[in-house]
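Enquirer: Got a structure here, written out as structure tokens. Questions coming.
The values are calculated or read from the model by the stated rules, or taken from the named source; none is laboratory data. Keep in mind it's a predicted model, so treat the numbers as computed, not measured. Glycine gets a Cβ as well: all are built from the backbone with ideal geometry, and neighbour counts include every protein chain shown. These area figures cover heavy atoms from the full protein model, side chains too; ligands, DNA and RNA do not enter into them. Shrake-Rupley method; radii C 1.70, N 1.55, O 1.52, S 1.80 Å.
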Amino acid sequence: MNNETSDFGMAAPVRPEIIPQLTALDCQIADLMLKCQSARELDELAGVLGNHIACCEFERDSLLGVSDSPPPPAPLTITDLPANEQRLIFETATFGAVGLKMILMLNPLANPEYIMNQLSQAVQIAMEGMSEAQITDSLHGYLEMHKNNLSKEVFRSNFQSNNN
């Protein structure tokens, strides 16, 4: 079997000990094809051979440094979101920072690290019972509320807590 392409000019020749094994495999495959008595058996053989061919081609291309698929895209980040969603995230972070500054202004003797820890714990408590679906639904609601409030240039935050 000769599958040489222009990429093989730089590859090493087939080693002599591999040639008899390839010939034996070729004979075994031909014999198995003759033994198959149904389309289903031939289909199974084709599937097995197809898997091995795909693996063989992948390994060959790896050895040659050839890639038939483009490199995977870079992982998405916040900056890949639409502008209105980026704005909501930024406004949320800004809201938290301004809120913390206001708390500290109202109580100048407060320990900022303590306040931050307390706020972080409160957020964790509020989030711990939420499923991914609830988070997604809440985000959809916040995005809709944010879209409606953009014309008013107001940031509004609604927070609901289950304190029993």
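Enquirer: Using a 1.4 angstrom probe on the protein heavy atoms only, line up 40, 60 by accessible area, largest first.
Expert: On the way: 40 160, 60 70 Å².
Descending accessible area places them as 40, 60.
Enquirer: Under the classification rounded if a/c is under 1.5, otherwise prolate if a/b is larger than b/c and oblate if not, where does the stretch 86-144 fall, given a ≥ b ≥ c as square roots of the Cα gyration tensor eigenvalues? Can you show the working numbers first?
Expert: Details: a/c = 3.87, a/b = 1.67, b/c = 2.32.
Since a/c reaches 1.5 but b/c is at least a/b, the shape of the stretch 86-144 is classed as oblate.
Enquirer: Shifting gears a bit: Give the ranking of 63, 119 by solvent-accessible surface, highest area first, calculated with a 1.4 Å probe.
Expert: Working: 63 155, 119 75 Å².
My answer, sorted largest first, is 63, 119.
Enquirer: Let me ask something else about it. Can you pull the one-decimal nm distance between simple spin-label points at residue 137 and residue 92, each 7 Å off the Cα toward Cβ?
Expert: 1.7
Enquirer: ³J(HN,Hα) across the stretch 38-49 via Karplus (A = 6.51, B = -1.76, C = 1.60, θ = phi - 60°), whole Hz, x for Gly/Pro?
Expert: Running phi through 6.51 cos²θ - 1.76 cosθ + 1.60 with θ = phi - 60° gives 9, 4, 5, 5, 5, 5, 4, 4, 4, x, 4, 5 Hz.
Enquirer: Take residue 116 and residue 53, extend 7 Å from each Cα along the Cα→Cβ direction, and tell me the distance between the two endpoints in nm.
Expert: Taking the simple label geometry, residue 116 and residue 53 are separated by 6.1 nm.
Enquirer: Moving on to the next point. What percentage of the solvent-accessible surface of the stretch 1-131, computed with a 1.4 Å probe over protein heavy atoms, is contributed by carbon and sulfur atoms?
Expert: Working: 7270 of 11270 Å².
Whole-percent figure for carbon plus sulfur exposure: 64.
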